[in-house]
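The values are calculated or read from the model by the stated rules, or taken from the named source; none is laboratory data. Just so you know, these numbers come straight off a predicted model, no measurement behind them. Positions of Cβ are generated from backbone atoms using ideal geometry, with glycine treated the same way; all protein chains shown enter the neighbour counts. Keep in mind that these areas ignore ligands, DNA and RNA; they rest on the heavy atoms of the full protein, side chains included. Shrake-Rupley method; radii C 1.70, N 1.55, O 1.52, S 1.80 Å.
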Amino acid sequence: MKSKEEFAPYIVDKALAVEGLSAAEKNEIESLGSRHFFWEIANTLGLFYNREKVSAETRALCRAIIDEIREYMGEWALRDTSPTTVVFGTSGWRGVIGQGYSLFNVHKVLRAIVRHLQSDVFLQWNGYKDFSEVRAAGIFLQRDNRFMGDNWLEAARKELTSAGIKVFDAGMCPTGVGSAFVKNNGLAGSINFTPSHNPMPYAGLKFNPSDGGGAGAELTVHIERMSNELMAAEDFTPAEREEPSLVTSVDAGAFFEKYILEKSLVFDLPKIRQWLIHNAADLYLLIDFMHGASRGYVQRLLGDEVLQTLKKAGAWHTLHEDDDYSFHGMKPEPSAVNQRPLLEQLQKNARKFNLALAMDPDADRIRFADARMDIDMNRFAPIAYANVLAGGLKGGVVHSVPSSGFTGKIARGEGQPVVETMVGFKNFREAFNAGKVVMGFEESDGISFKGHTLEKCSLAGFLAALTALSDHNSNLSDQYLALQKKYGYYYPDRAGVDVKGVSVEDWQRYKSAVVDVLQHKLFKVGDTLTIGGAEKTIQSFNTIDGVKIVLDDDSWILLRPSGTEPKFRYYFEVVSDRELADAGPMLAAYNEAAESLLQKARDYVDNAK
């Protein structure tokens, strides 16, 4: 195996030979290679061959170089024993494969989880008398479609069974399905190997306790501390073998179909199936699986009769069902950019009923479209929530602080409570468990429902969309426009900026400093901001997650650091009592204002160094 010093000039020379790269891209590749940021070279090439009109030969060369980088970093991940700093962010521990996220370090974090399962913290939180009950209940294992996923699963089986813990191994499995399995079968928790929608260099590990929801800080801080203690240990030995008698393979698809049929409070699966059969000739259904864990699970939910009917009628269409660890060079998230080809395909093949959807690799995020519009979660949530209420299930809604206020407006109009939390579906646990709400959603395209799971679940989103279609016999955009006329007009958007070439430790310090400036040192209630040439007065602040600046017309701007990667995110929403003919200029003005505020805070921190 080449050293990094040997691999750098080799792979840089290969990358620079790609025809069509700009001078800026070539300079970036050389700079990244000099710092051994090989994955970033792969990302640069991925963006290039998707952005530019390149020949098939050039595209193939880019993919071959990306594959070579991936294999090299994978080999490094198998061999490297250097420690890293473990941080459990919004949703578990994530890291770059071969740069901190190594097999050796995964064993350490898994060992920390095993110790956590034996701790009073875990036992008391989950209601166990002692560790023997945890062993008997068992842990659910799952992964998404990522590179080295089976390596991580094997490590988990070894660490867990070496401690005498039963293991239920589902292999590739959607996040929400694992959550439902844990709760339904009385397991002690789950370990899910996924970095969700992060780019191809990433791997990740999520731990959920016995209620199936994401572990809160009261648990993860314990795992994080023990993981970092093991990182500092000099005498760590990974578990070397698994105990097969403690391992059960799980058909999670069969389980989830039965779970929906028997336990769902929201979805009438037989009714959905019959509607699809009866309307197949008038339907165009397009699904982007993003090479992920939802493959096969969607088909299982619909059933063979529905699938065959849809295919025969020309209603069933899919994208990216193959295995592709590089995600065809794109970031695998349900985004506006990734949604454009779906929207274009619908517009070319429009039928009476049109629905496109994209699900991320671990199937906890989903985004929709029909022939009229792209429908992200900020647009879909009002549709889904109004439909739940119309179906007779009453209750409020819980959402994260960056999410649109539209669904909350509907809830308040119907006399139902609205709960706003920090980013992270794990923060919805209290509202769901208290019976306050019937639906929870995040603007980042996550959703779930009362009686379903405490995890966001794209399969639930898919069923909710089909329920809306079948209940109203109208497309999602028609339902959304009707809700706007009744409750008002909301125009949300978001953007962000990456912070490149920063270590885990430096990022933690830097983001904390920037947030402190945003929350305390730049502005106060009563100050004015100039947005699009108009003066807006700051009405209030919300600092539960970054800083949300609410203006006097109920429009707002939110700035916060990502909890999963080195990136600052900013969100904004224009609220109006009348429809805007073109919201683009106003959204651009809010985007510019958010960028300016973030830059002021970063300049303040940088100048203080």
Report task. Let me know the charge dipole size of the range 381-436 about its Cα centre in debye, to the nearest 20, where only the beta-carbon of Lys, Arg (+1) and Asp, Glu (-1) is charged. Result -> 40 debye
Report task. Using the charge dipole of the chain (Lys, Arg: +1 at Cβ; Asp, Glu: -1 at Cβ; taken about the Cα centre), state which of Val605, Phe353, Ser34 has its Cα farthest towards the positive end. Result -> Phe353
Requested in this report: Would you kindly state how much longer the chain becomes between Lys486 and Lys500 on full extension, computed as 0.36 nm times their sequence separation minus their alpha carbon distance, in nm to one decimal?
Outcome: 0.6 nm
Report task. Return the carbon/sulfur percentage of the accessible area of the chain, one whole number, probe 1.4 Å, all protein chains in place. Result -> 47 percent
Requested in this report: Please give the solvent-accessible surface of Val574 in Å², to the nearest 10, using a probe radius of 1.4 Å with every protein chain present.
Outcome: 10 Å²
Report task. Quote the accessible area belonging to Met422 in square angstrom, nearest 10, computed with a 1.4 Å probe and with ligands, DNA and RNA left uncounted. Result -> 90 Å²
Report task. State in Å² the accessible area per residue of the range 34-108; use a 1.4 Å probe, count heavy atoms of protein chains only, and round to the nearest integer. Result -> 41 Å²
Requested in this report: Leaving ligands, DNA and RNA out of it, work out the accessible area of Met200 with a 1.4 Å probe and give it in Å² to the nearest 10.
Outcome: 10 Å²
Query raised in the report: What is the distance in Å between the Cα centres of the range 139-184 and the range 546-574?
Result: 35 Å
Query raised in the report: Considering only protein heavy atoms, what per residue accessible area in square angstrom results for the range 517-609 with a 1.4 angstrom probe?
Result: 48 Å²
Report summary line: Dividing the helical contributions, -39500 (n - 2.57) per DSSP H run of n ≥ 4, by the residues of the chain yields a 222 nm value, nearest 500 deg cm²/dmol, of -14500 deg cm²/dmol
Query raised in the report: What nm distance separates the two modelled labels at Glu321 and Asp282, each placed 7 Å from Cα along Cα→Cβ?
Result: 2.6 nm
Query raised in the report: Once the range 447-502 is represented by equal point scatterers at the alpha-carbon sites, with solvent omitted, what log10 I(q)/I(0) does the Debye formula produce at q = 0.14, 0.20, 0.22, 0.31 Å⁻¹?
Result: -0.63, -0.93, -0.98, -1.08
Requested in this report: State log₁₀ I(q)/I(0) for the range 1-107 at q = 0.13, 0.20, 0.24 Å⁻¹ as given by the Debye formula over alpha-carbon point scatterers of equal weight, solvent excluded.
Outcome: -0.52, -1.01, -1.24
**Report entry** Euclidean distance between Cα centres, the range 415-437 to the range 299-370, Å
**Finding:** 30 Å
Query - Mean shadow area of the chain over all directions, Cα convex hull, nm² - result: 28.0 nm²
Query - Size of electric dipole in the chain: Cβ of Lys, Arg +1 and of Asp, Glu -1, about Cα centre, debye, nearest 20 - result: 1040 debye
Report summary line: Expressed in angstrom and rounded, the centroid-to-centroid distance over alpha carbons for the range 81-116 and the range 482-538 is 31 Å
Query raised in the report: Suppose every K and R has +1 on its Cβ and every D and E has -1 on its Cβ; what is the size of the dipole of the range 1-130 about the Cα centre, in Debye to the nearest 20?
Result: 480 debye
Report task. Please give, to one decimal in nm, the separation of the simple spin-label points placed at Ser119 and Glu234, each 7 Å out from Cα toward the Cβ. Result -> 2.5 nm
**Report entry** Proximal charge balance of Gln308 [Cβ under 15 Å; K/R count +1, D/E count -1]
**Finding:** +2
Report summary line: The set of residues whose placed amide H lies less than 5 Å from the amide H of Arg295, leaving out same-chain residues fewer than 5 positions away, is none
Query raised in the report: What percent antiparallel are the DSSP beta bridges of the range 51-191, to the nearest 5?
Result: 25 percent
Query raised in the report: Where does each of Lys263, Lys312 land when they are ordered by accessible area, with a 1.4 Å probe and the largest first?
Result: Lys312, Lys263
Requested in this report: Go through Asn279, Gln124, Gly171 and say which Cα lies farthest out towards the positive end of the charge dipole of the chain; charges sit on Cβ, +1 for Lys and Arg, -1 for Asp and Glu.
Outcome: Asn279
Report summary line: Scoring the range 337-388 by relative contact order with C-alpha pairs under 8 Å, at least six apart, yields a percentage of 29 percent
Requested in this report: May I ask which of Lys426/Lys548; Lys108/Lys450; Lys129/Lys263; Lys14/Lys500 have a Cα-Cα span longer than 32 Å here?
Outcome: Lys108/Lys450
Query raised in the report: Which links in Lys206/Lys567; Lys53/Lys567; Lys206/Lys258 stretch past 23 Å when you go from one Cα to the other?
Result: Lys53/Lys567; Lys206/Lys258
Requested in this report: Looking at the chain, send over the antiparallel percent of its DSSP beta bridges, to the nearest 5.
Outcome: 60 percent
Requested in this report: Take the range 66-160, compute every pairwise Cα distance, and split them into 5 Å bins from 0; I just need the percent in each bin.
Outcome: 2, 12, 20, 22, 18, 12, 8, 4, 2, 1
Report summary line: Taking R0 as 56 Å and r as the Cβ-Cβ distance between Arg578 and Glu305, the FRET efficiency 1/(1 + (r/R0)^6), rounded to the nearest 0.05, comes to 0.75
Requested in this report: Mind listing the long-range amide H neighbours of Lys567? Cut-off is under 5 Å, sequence gap 5 or more, other chains count too, H placed in the peptide plane at 1.01 Å from N.
Outcome: Val499, Ser562
